[in-house]
Amino acid sequence: MPPISIKRYVYAPLLGFELFLMVLYFFFVAYADKDKVKKGKIVGFQETHAMIFIGFAYLMTFLKRYCYSATGYNLLLAALVIQWSLLCQGFFHMVDGKIVTSPKLLLEADIMSATVLITYGALLGLASGTQLLFIAVVEALVGSVNLFISEAIFEISDIGGSICIHAYGAYFGLGVSAALRLMKPPPEALSAMSIRPKDMHSHTAAGRVISIRVSKQKLQIDTPSYTSDVTAMLGSLVLWIYWPWFNSALATTDVEQQRAIVNTYLSLAACTVVTFVLSAAVSHKPGKLDMVHIQNSSLAGGVGVGAVANMYIGPGGAIAIGIGAAFISVLGYRYLSPKLEKLGIQDTCGVNNLHGMPGIYSGLLSILVAGLANYDVYGNELYNIFPATSPDREKSTTAVSTIPRVPAMQALYQFIALATTLFIALTTGVLTGFLLKSGIFTRLKEKERYDDEVNWEVPPLTV
């Protein structure tokens, strides 16, 4: 009889947590009453589902030897967080001691899972499976609390989640990375090849080796291949196509939803065009496009417009926001990412440039637009988008104040929510990172990073 290996039970605690979730669902979760079930399709649910399970997964397949982990862990983390965050968010809105399920609640749980996947992008190839699972449980819990603070206490408008989802997920991940201090190994630790320094400017330039069945010791594995970059582009296209429905899914009226779709679509289109222009302008090889920018920065327009997508920013304003998001993202990839790397803050997918800074940008825009909002422009829609400004709003037991807000006060709360989110994300991310450095969790050695073979049964290595 072969000896029993402890490695076979590395995910055993996950089964225990799943059983714990099952018990909580038995006691605290119930179906909605038949007469309260809304008929018809919940717009944005299936589109968001596709973004979470296909778009995010394939966008992270650019590493040539980490595609199994990119898609596989994406599936695991999303499936876990959807169950956990439904509970975490639902406990704030219980009816007679029960969390009443609905497609809308599932949609909100789907959206919350995006925070964990954004964090995963920052730590892609750097964190072990057990570390990722611990991050998912902690981040979804804290993220649900932060969302409640922003929406129920500060009563802000953030329909596309640029503040509470994108910025939160990015800076939670960067906080973890900063605590772990995952200094990038020297090239020789990842490859026996001679890589010229000028070819190490980004993960899209080095390691393009034309060879069949090369040995693992002679393959730099923290870089993409031609094929892996194409599959990552597939993920980018799925996200690009469905982003307007992600930003509009939680709209309360058809008019608001249509405006969010139009604004997001125009912002994405403008951002994409400008991304190509800037990529050729700032590339290490003048005039050539960098696939990192095309895969990622072309999506920044969806994040940049997220917090204001349902507001009256005008079609021209939506295009302007997309242009600004392209500048922030492309220049961030080109100039800021290398500086963070030197500080020991690894960000494998560059989530700071796609989700973090564009999320802050969108939050700042929401401050401006909220401060300019008035009844003459919005009509009664003003009270749908900014419920705290309604003179007839119901008394809330959670809000800071029940006095109707003027636009300037709403703008102030938009700022407070943005600052609070960043503070919570960074501090809890750093604390989580320090906990991950304890001996409880399996840690990847330098030679094990970016390599599926550590955790998966993989076919022979080819390029």
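The values are calculated or read from the model by the stated rules, or taken from the named source; none is laboratory data. Here the structure is a predicted model, which is why all the values come from computation and not from measurement. Glycine also receives a Cβ, built like all others from the backbone with ideal geometry; neighbour counts cover every protein chain displayed.
Specify the residue that is surrounded by the most Cβ atoms within 10 Å (Cβ to Cβ); the eligible residues are those in the range 278-292 that are assigned to a helix (DSSP H, G or I) and touching a residue at least 60 places away in the same chain (Cβ under 8 Å).
So the first thing to find is which residues in the range 278-292 are assigned to a helix (DSSP H, G or I), and the list is 278-282, 291-292.
Filter once more, keeping what is touching a residue at least 60 places away in the same chain (Cβ under 8 Å): 291-292.
On the way: Met291: 20, Val292: 25.
Within the range 278-292, the match that is surrounded by the most Cβ atoms within 10 Å (Cβ to Cβ) is Val292.
Just wondering, is there one or more residues in the range 297-311 that are in contact (Cβ under 8 Å) with a residue 40 or more places away in the chain and surrounded by fewer than 24 Cβ atoms within 10 Å (Cβ to Cβ)?
no
For the range 85-104, give me the residue count where each residue is assigned to a helix (DSSP H, G or I), closer than 14 Å to Phe28 by Cα and touching a residue at least 12 places away in the same chain (Cβ under 8 Å). Steps first, answer last, please.
Of all residues in the range 85-104, those assigned to a helix (DSSP H, G or I) come to 85-93, 103-104.
Remaining after also requiring closer than 14 Å to Phe28 by Cα: 85-93.
Now narrow it down to the ones that are touching a residue at least 12 places away in the same chain (Cβ under 8 Å): 85-92.
Qualifying residue count, the range 85-104: 8.
Could you pull out the residue among Ala127, Ala122, Ala114, Ala109 that is within 18 Å of the chain's Cα centre (by Cα) and free of Cβ contacts under 8 Å to residues at least 60 places away in the same chain?
Numbers: Ala127 fails: free of Cβ contacts under 8 Å to residues at least 60 places away in the same chain; Ala122 fails: free of Cβ contacts under 8 Å to residues at least 60 places away in the same chain; Ala114 fails: free of Cβ contacts under 8 Å to residues at least 60 places away in the same chain.
Result: Ala109 is the single residue among Ala127, Ala122, Ala114, Ala109 that is within 18 Å of the chain's Cα centre (by Cα) and free of Cβ contacts under 8 Å to residues at least 60 places away in the same chain.
Which one of these is surrounded by 24 or more Cβ atoms within 10 Å (Cβ to Cβ) and either free of Cβ contacts under 8 Å to residues at least 40 places away in the same chain or farther than 18 Å from Leu21 by Cα (or both): Ile153, Ile149, Ile82, Ile165? Show your work before the answer.
Details: Ile153 fails: surrounded by 24 or more Cβ atoms within 10 Å (Cβ to Cβ); Ile149 fails: surrounded by 24 or more Cβ atoms within 10 Å (Cβ to Cβ); Ile82 fails: surrounded by 24 or more Cβ atoms within 10 Å (Cβ to Cβ).
One residue alone meets the criteria, Ile165.
Being over 18 Å from Ile424 (Cα atoms), part of a helix (DSSP H, G or I) and touching a helix residue (DSSP H, G or I) at 6+ places or on another chain (Cβ under 6 Å) narrows it down to one residue among Ala109, Ala114, Ala140; which is it?
Values: Ala114 fails: over 18 Å from Ile424 (Cα atoms); Ala140 fails: over 18 Å from Ile424 (Cα atoms).
From the options Ala109, Ala114, Ala140, the qualifying one is Ala109.
I'd like to know if the range 19-27 contains one or more residues that are of a type in the set (A, V, I, L, M), surrounded by 15 or more Cβ atoms within 10 Å (Cβ to Cβ), within 14 Å of Ile111 (Cβ to Cβ) and modelled with pLDDT of 95 or more.
no
Looking only at the range 420-463, filter to residues that are surrounded by fewer than 20 Cβ atoms within 10 Å (Cβ to Cβ) and of a type in the set (Gly, Ala, Ser); which one of those is modelled with the lowest pLDDT?
Ranking the candidates gives Gly439 first.
Which residues, taken from the range 219-277, are buried (at least 24 other Cβ atoms within 10 Å of the Cβ) and β-branched (Val, Ile, Thr)?
Passing the criteria: Thr223, Thr264, Thr275.
Cβ-Cβ distance below 7 Å, separation of 6 or more or different chains: which pairs start in the range 370-383 with a residue that is without any contact (Cβ under 8 Å) to a residue 40 or more places away in the chain and end on one that is surrounded by fewer than 17 Cβ atoms within 10 Å (Cβ to Cβ)?
Leu382/Tyr375; Tyr383/Ser390
With respect to Ala325, is the statement that it is among the aliphatic types (A, V, I, L, M), touching a Cys at 6+ places or on another chain (Cβ under 9 Å) and in contact (Cβ under 8 Å) with a residue 24 or more places away in the chain true?
Details: among the aliphatic types (A, V, I, L, M): yes; touching a Cys at 6+ places or on another chain (Cβ under 9 Å): yes; in contact (Cβ under 8 Å) with a residue 24 or more places away in the chain: yes.
Taking the combined requirement at face value, the residue satisfies it.
Please indicate, with yes or no, whether at least one residue in the range 55-74 is assigned to a helix (DSSP H, G or I), of a type in the set (Phe, Trp, Tyr) and within 22 Å of Pro244 (Cβ to Cβ).
Looking through the range 55-74, at least one residue is assigned to a helix (DSSP H, G or I), of a type in the set (Phe, Trp, Tyr) and within 22 Å of Pro244 (Cβ to Cβ).
Select, from Glu151, Glu139, Glu155, the only residue that is of a type in the set (Asp, Glu) and within 16 Å of Gly90 (Cβ to Cβ). Give the steps one after another, and end with the answer.
On the way: Glu139 fails: within 16 Å of Gly90 (Cβ to Cβ); Glu155 fails: within 16 Å of Gly90 (Cβ to Cβ).
Criteria check complete, one pass: Glu151.
If we only count helices (runs of 4 or more DSSP H) wholly inside the range 293-375, which ones have 1 or more residues that are in contact with a Pro (Cβ under 7 Å, 6 or more places away or on another chain)? Quick ask: steps written out before the conclusion?
On the way: elements: 300-304, 315-331, 337-342, 357-372.
Ranges flagged: 300-304, 315-331, 357-372.
So, of the residues in the range 367-417 that are of a type in the set (D, E, K, R) and at pLDDT 90 or above, which turns out to be surrounded by the fewest Cβ atoms within 10 Å (Cβ to Cβ)? Don't jump to the end; show me each part of the working.
Filtering the range 367-417 down to residues of a type in the set (D, E, K, R) leaves 376, 381, 392-395, 405.
Then keep just the ones that are at pLDDT 90 or above; that gives 376, 381, 405.
Details: Asp376: 7, Glu381: 19, Arg405: 21.
By that ranking, first place goes to Asp376.
Any residue in the range 233-248 that's within 27 Å of Lys64 (Cβ to Cβ): show its pairings with residues that are among the polar types (S, T, N, Q) and surrounded by fewer than 21 Cβ atoms within 10 Å (Cβ to Cβ) at Cβ separation under 8 Å, as long as the two are six or more apart or on different chains.
Listed by first residue and then by second, the contacts come to Trp240/Thr272.
For Ile42, work out the one condition from (1) of a type in the set (Val, Ile, Thr); (2) touching a helix residue (DSSP H, G or I) at 6+ places or on another chain (Cβ under 7 Å); (3) in a helix (DSSP H, G or I) it doesn't fulfil.
Failing condition for Ile42: (3).
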